[in-house]
Each structure stands twice: as C-alpha cells, then as structure tokens.
C-alpha cells in the first residue's frame, strides 16, 4: 500500500525535493545523540549548538552535502587508565540538518564541549514579475 504524498496536490508544483527532505528527516527522528539547540540571533543569523563533551576539534567534521549540513564525530581511543564506570558517551555520531536554499554556513567553533555552527539566512527578496500572455492558439 503506498503512502499518500504530502505534496500531492496539483497546486503544489516542484516540491518533490521538499518531500524527499521530509522523508529523510523522519528516518532520523528517533536519534537524539548528540543533543542540540537551534537558535535565532537576529532576523538572518541562526546558530546550531551541539553538546559534544569529550570530543576534540580533530574528532569532529562538518560539511555540506547537497542541501544538508552533515556533522560527524568520532573519538580517538582513550589511552588512559582502566575505566571503572562509563557515564560519558564516546560513540560516533552523524547529525544532519536540511538547509533551505541560500543559507550559508559562516563559521564553526568548539568551546567548553559545545560545537557552535553559525548560519546566515538571506533576506527575503519578493519579486513581482509580469508574464506576457500571447494571443493565438499557443500550440507549437
């Protein structure tokens, strides 16, 4: 049985990419590690903050794949003493964020166990274009 399309209306043309993005997001909905916040600092400035305690900058990577910001973490093995209790997660992770067209990553910094990724959203530029309507049959 096929699932009804979210954007199946004939009035919504060209939204197939949004539907695929929503499907990708729903697959990762149960994954909660690492925890994160998304903050808005001004009309166009956004920040993603991930709690990555125990990770060093060289253990983390962030890059853009298509329209997704993908953040990966993999800790190096600890060469310390014998571990009697593990309460701090050291597992690897991958966290993805779907970015709207035009959003740019402006920087990333790791400080006190928090990875901060700054984003800039372009201001909306509403355009009104007149479409000429030709007379005749319009068939080629």
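The values are calculated or read from the model by the stated rules, or taken from the named source; none is laboratory data. None of these values were measured; they are calculated from a predicted model. Positions of Cβ are generated from backbone atoms using ideal geometry, with glycine treated the same way; all protein chains shown enter the neighbour counts.
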| request: Would you please name the residue that is farthest from residue 106 (Cα to Cα), looking only at residues in the range 32-50 that are loosely packed, with under 14 Cβ neighbours inside 10 Å and at pLDDT 90 or above? | output: 35
| task | Those residues that are surrounded by 15 or more Cβ atoms within 10 Å (Cβ to Cβ), without any contact (Cβ under 8 Å) to a residue 60 or more places away in the chain and part of a loop (DSSP other than H, G, I, E, B), I need them from the range 100-131; list them, please. | result | 103
| task | Mind counting the residues in the range 87-99 that are in contact (Cβ under 8 Å) with a residue 24 or more places away in the chain, more than 15 Å from residue 36 (Cβ to Cβ) and touching a strand residue (DSSP E or B) at 6+ places or on another chain (Cβ under 8 Å)? | result | 0
